[in-house]
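What follows is calculated from the coordinates using simple rules that are stated; it is not laboratory data. A quick note: this is a predicted structure, and the numbers were derived from the prediction, not measured. FYI the Cβ positions are ideal-geometry reconstructions off the backbone, even for glycines, and counts take in every protein chain you see.
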Amino acid sequence: MKIENNKVVSIHYTLKNDQGEVLDTSNGNNPLGYIQGIGNIIPGLEKALEGKIVGDKVNAVIPPEEAYGKKDERLIQPVPISQFPKKEEVQVGVQFQMQSPQGVRIATVAKVEGENVVLDLNHPLADVTLHFDVEIVEVRDATEEELSHGHVHGPHGHEH
């Protein structure tokens with residue numbers, strides 16, 4: 001069975017940056033399960049896996065435009081340090097989740113300037129070219145319930 005829209009795909013993967021540093025991997029864990037064609041994973045990786053079958057190994061280099069996008073300077077904003085309940089934890093590089101009109105976002109402290117904290121709301125992998133080593137473990141039809149919920153159920157999905 002080939003990977004195509006509305007198929008459940010399970011993959012093992014290792015993700016690296018241009019410097020060869022491992023950013024994420026499924027090694028030692030269950031494979032990642034997703035539904036092809038509905039935006040569960042980045043567009044560039046979906047394209048690279050389209051048409052592949054179980055056992056295929058894929059090396060894909062995904063540019064930022066097909067991954068987490070380019071950095072948007074409008075998403076780098078100063079916020080008064082008084083907004084933070086634990087001011088001692090506000091340090092450059094610290095990440096935390098915050099609610100925004102677009103849903104939950106990861107904010108990274110870019111700098112601390114006196115009474116202001118400069119937050120970067122860009123995805124941490126914005127502007128990064130991603131290098132994936134992928135092995136396709138399983139391909140099957142998605143159930144109606146999985147399609148209506150928009151994610152995989154069962155051993156490799158979110159709900160067990």
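When only Cα pairs below 8 angstrom with a gap of at least 6 residues are kept, region 73-120 shows a relative contact order of 43 percent. Taken over the chain, the ratio of Cα radius of gyration to 2.2 N^0.38 Å equals 1.22. In a simple Cβ point-charge model (Lys, Arg +1; Asp, Glu -1; nothing else charged), the chain has a dipole of about 160 debye relative to its Cα centre. Mean sequence separation of contacting Cα pairs (under 8 Å, at least six apart), scaled by the length of region 92-160, corresponds to a relative contact order of 16 percent. Scaled against 2.2 N^0.38 Å for its residue count N, the alpha carbon radius of gyration of region 73-120 is 1.07. Taking Lys and Arg as +1 and Asp and Glu as -1, the other residues whose beta-carbon sits under 11 Å from that of Ser10 total 0.
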